[in-house]
Amino acid sequence: RHDGATASVHTAPTTTDVTVTPLQRSLWLHGERCGHGNRQLLTWGASLTGKIDVEALLAALRTVAADPALRVTFAMVDDDLQCRPALRSDPVVFIDRSRELAQLTESHRVIAGRQSIAGRVEDVDSGHNVLAVTCVRIDTNHLLISLIAHHLIFDGRSLRLFLDRVARCYRERNQDLL
């Protein structure tokens, strides 16, 4: 989202078309001419270590990813670009590989975790899923997190807003648990 607004925690899916911005239309047309490939994906990743409340992190990610602005698809209908609500599965995936990777060195666990994340690139495209978030536990206190989003809905500023909202939701969730 570009307006800085925050969605409520209980966001219901919308059933009406969403307005396409001029920038989204331009990106779409560029993709039509040059191919919608990985060039139009924004990726971000982090390595989290220490005491991590995984349940609170996943809840925060799912809350923010439920924003209707992130649950859309794009398609051409009668020569007009349409942005429509997507009724799809949860874009947040958690994979626990900590037991499986326990005998590996730290660097090999990170490599194996990144391989789990790399497979999600194929899950993102403008016509189906425009967002994929993957969390891979590679050790008891080590989590790799990755966000892959289509540039039609995400840019650098959107990423910062997304991460700020996730952090806020995570802190609120942890306070509720204390």
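Quick one: would you say ASP155 is closer than 15 Å to ALA69 by Cα and acidic (Asp, Glu)? Steps first, answer last, please.
Values: closer than 15 Å to ALA69 by Cα: yes; acidic (Asp, Glu): yes.
In short, yes.
From ASP79, ASP96, which residue is out of contact with any Asp or Glu (no Cβ under 7 Å at 6 or more places or on another chain) and over 24 Å from ALA56 (Cα atoms)?
Going through ASP79, ASP96 in turn, just one is out of contact with any Asp or Glu (no Cβ under 7 Å at 6 or more places or on another chain) and over 24 Å from ALA56 (Cα atoms): ASP79.
Provide a single number: the residues in region 74-118 that are free of Cβ contacts under 8 Å to residues at least 40 places away in the same chain, β-branched (Val, Ile, Thr) and in a helix (DSSP H, G or I).
Here the count works out to 1.
Scanning region 115-165 for residues that are over 30 Å from GLN103 (Cα atoms) and of a type in the set (Ser, Thr, Tyr), which turns out farthest from the chain's Cα centre (by Cα)?
Only one residue fits best here, namely SER126.
Could you check region 50-70 and list, in sequence order, the residues that are among the basic types (Lys, Arg) and either in contact with a Leu (Cβ under 8 Å, 6 or more places away or on another chain) or assigned to a helix (DSSP H, G or I) (or both)? Write out each step before concluding.
Initially, region 50-70 is screened for residues among the basic types (Lys, Arg), giving 51, 62.
ARG62 - this is the single residue of region 50-70 that is among the basic types (Lys, Arg) and either in contact with a Leu (Cβ under 8 Å, 6 or more places away or on another chain) or assigned to a helix (DSSP H, G or I) (or both).
Report yes if some residue within region 148-156 is part of a helix (DSSP H, G or I) and under 27 Å from THR49 (Cα atoms); otherwise report no.
The initial filter retains those residues of region 148-156 that are part of a helix (DSSP H, G or I), namely 156.
From the residues that got through so far, the ones that are under 27 Å from THR49 (Cα atoms) too are 156.
Yes, region 148-156 contains a residue that is part of a helix (DSSP H, G or I) and under 27 Å from THR49 (Cα atoms).
Exactly one of these conditions fails for ALA102: (1) among the aliphatic types (A, V, I, L, M); (2) farther than 20 Å from HIS151 by Cβ; (3) surrounded by 14 or more Cβ atoms within 10 Å (Cβ to Cβ). Give me its number.
(3)
Here is a list of conditions, (1) of a type in the set (D, E, K, R); (2) modelled with pLDDT under 90; (3) surrounded by fewer than 18 Cβ atoms within 10 Å (Cβ to Cβ); (4) within 19 Å of TRP44 (Cα to Cα), and ARG168 meets all of them except one; can you say which number that is?
(2)
The values are calculated or read from the model by the stated rules, or taken from the named source; none is laboratory data. Remember, it's a predicted structure, so these values are computed and weren't measured experimentally. No Cβ is skipped: glycine too gets one built from the backbone with ideal geometry, and neighbour counts run over all protein chains shown.
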